[in-house]
Amino acid sequence: MTCEGRFCLKKFGDPWSKDDDILYVAGSEDFIPIVKYGSLVNNACGSSNWAQTVPIPVQSTKKEQHSWRKKNSEWVTLNVGGKYFTTSRSTLLTKEPMSMLARMFAEGEGGYLMAPSNMDRNGAYLIDRSPTYFEPILNYLRNGQLIFDTNVNPEGVLEEARFFGIESLVPQLETIIQSGQRSRDIVPLTRRDVVNALIITSYTTELRFQGVNLAGSDLSRLDLRNINFKYACLHGCRMVGTNLSWCCMERADLSHAVLEGSQLLGVKMLCANLEGVDLRSCNFEDPAGCRANMEGVNLKGANLEGSNMAGVNLRVATLKNANLQNCDLRAAVLAGADLENCDLSGSDLHEANLRGANLKDAAFELMLTPLHMSQTIR
């Protein structure tokens with residue numbers, strides 16, 4: 001090889017030609033570095049070996065790397081909070097063209113409209129956000145529908161939608177959150193809610209559950225003395241062995257509740273609904289003389305078998321078809337009560353006031369004390 005002036009001259013043998021060729025190369029610019037690849041290849045005559053060469057850029061700028069990736073792949077991998085998501089550029093650009101994700105991968109005259117984030121060693125774009133809340137957003141960009149699991153908080157998805165600028169998704173999430181808040185307002189309180197209220201409330205402070213929905217709650221064996229349950233919904237509650245002494249249950253709904261073995265000393269149940277309630281073996285008698293007031297209560301079809309109801313005020317109460325077998329009703333006030341088809345077998349009605357009561361088809365078998373006529377005359 002010889003170099004003269006601005007030209008270089010290389011002479012080599014070509015196995016495919018008869019004569020030697022001469023190659024002239026301009027000497028005013030640097031040579032492009034070359035990298036050998038492949039393996040030695042025998043020529044057709046088998047007389048010599050030679051290697052092919054190809055020019056490849058040794059270094060490339062970051063812009064060139066992004067350009068190469070855009071030309072060679074429509075797919076994008078995102079590393080969101082350590083979790084990988086693979087999607088197409090069209091998914092990120094089509095649905096919300098003005099969102100942050102769309103601007104990160106949309107091309108302008110000078111490249112991307114917004115510089116993409118850094119890339120990890122696997123070539124995925126790093127995004128420091130929650131993958132749990134990002135996944136519903138990506139699915140929304142894919143199919144146009146908001147779908148997420150019940151264990152995902154929509155408030156978290158809303159924050160991510162606002163962060164990424166997915167404006168069409170924000171109203172939908174706000175509606176879901178508002179409807180969820182309304183539904184929580186009508187969901188009954190649980191045993192845990194009641195226990196928490198008992199723990200944080202001083203025993204000298206009056207605890208109020210007035211108008212509260214406790215339907216179906218299990219409040220068995222809790223000490224709920226002196227609590228205000230006025231107008232509360234206790235439908236179907238389970239309160240086996242619960243102490244409800246001196247509670248206010250005026251006009252409360254305890255229909256079909258189970259209060260077997262409960263303590264109900266001095267309880268106030270004016271006009272309460274206790275239809276179909278289970279009050280077996282309950283104690284209403286207060287040794288201090290404070291009588292339970294159940295005037296006007298609805299005990300239709302209730303089961304009060306074996307309960308101690310001495311001195312209870314059941315004036316004008318409805319006890320139609322109720323089971324009052326073996327009850328202690330000494331000195332109880334049943335004036336004007338509806339006792340039609342009521343079973344009072346084995347009950348103690350000594351000194352009970354039954355004046356004006358409806359005793360049609362009522363059963364009085366095995367009475368402990370005889371019922372005096374004066375007890376039933378107005």
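Things worth noting here:
- Enumeration of residues in the stretch 296-334 that are surrounded by fewer than 23 Cβ atoms within 10 Å (Cβ to Cβ) and closer than 15 Å to Ser262 by Cβ: Asn303, Glu305, Gly306, Asn308
- Selection count, the stretch 334-374, where residues are assigned to a strand (DSSP E or B) and either within 49 Å of the chain's Cα centre (by Cα) or modelled with pLDDT of 95 or more (or both): 2
- Residue check, Arg191 touching an Asp or Glu at 6+ places or on another chain (Cβ under 6 Å), modelled with pLDDT of 85 or more and basic (Lys, Arg): yes
- Test: residue in the stretch 210-221 that is touching a strand residue (DSSP E or B) at 6+ places or on another chain (Cβ under 7 Å) and among the basic types (Lys, Arg): no
- Residues being buried (at least 24 other Cβ atoms within 10 Å of the Cβ), of a type in the set (Ser, Thr, Tyr) and part of a loop (DSSP other than H, G, I, E, B) are entirely absent from the stretch 277-292.
- Among the residues of the stretch 259-276, those that are open to solvent by 40 Å² or more (accessible area, probe 1.4 Å) and either in contact (Cβ under 8 Å) with a residue 40 or more places away in the chain or under 36 Å from the mean Cα position of the chain (by Cα) (or both) comprise Glu260, Asn273, Glu275.
- Options Phe105, Phe85; residue that is at pLDDT below 90 and among the aromatic types (Phe, Trp, Tyr): Phe105
- Residue ID - nearest to Gly306 (Cα to Cα), chosen from residues in the stretch 250-276 that are acidic (Asp, Glu) and part of a loop (DSSP other than H, G, I, E, B): Glu260
- If only residues of the stretch 221-250 that are under 13 Å from Leu274 (Cα atoms) and among the aliphatic types (A, V, I, L, M) are counted, the one that is surrounded by the most Cβ atoms within 10 Å (Cβ to Cβ) is Leu234.
- Subset of the stretch 215-249 [in a strand (DSSP E or B) and out of contact with any Pro (no Cβ under 9 Å at 6 or more places or on another chain)]: Asp218, Asp223, Asn228, Arg238, Asn243, Cys248
- The stretch 248-271: number of residues that are touching a Lys or Arg at 6+ places or on another chain (Cβ under 6 Å) and not charged (D, E, K, R): 3
The values are calculated or read from the model by the stated rules, or taken from the named source; none is laboratory data. Values in this document were obtained by computation on a predicted structure and should not be read as measured data. Glycine gets a Cβ as well: all are built from the backbone with ideal geometry, and neighbour counts include every protein chain shown. These accessible areas exclude ligands, DNA and RNA; they are computed on the full protein's heavy atoms, side chains included. Shrake-Rupley method; radii C 1.70, N 1.55, O 1.52, S 1.80 Å.
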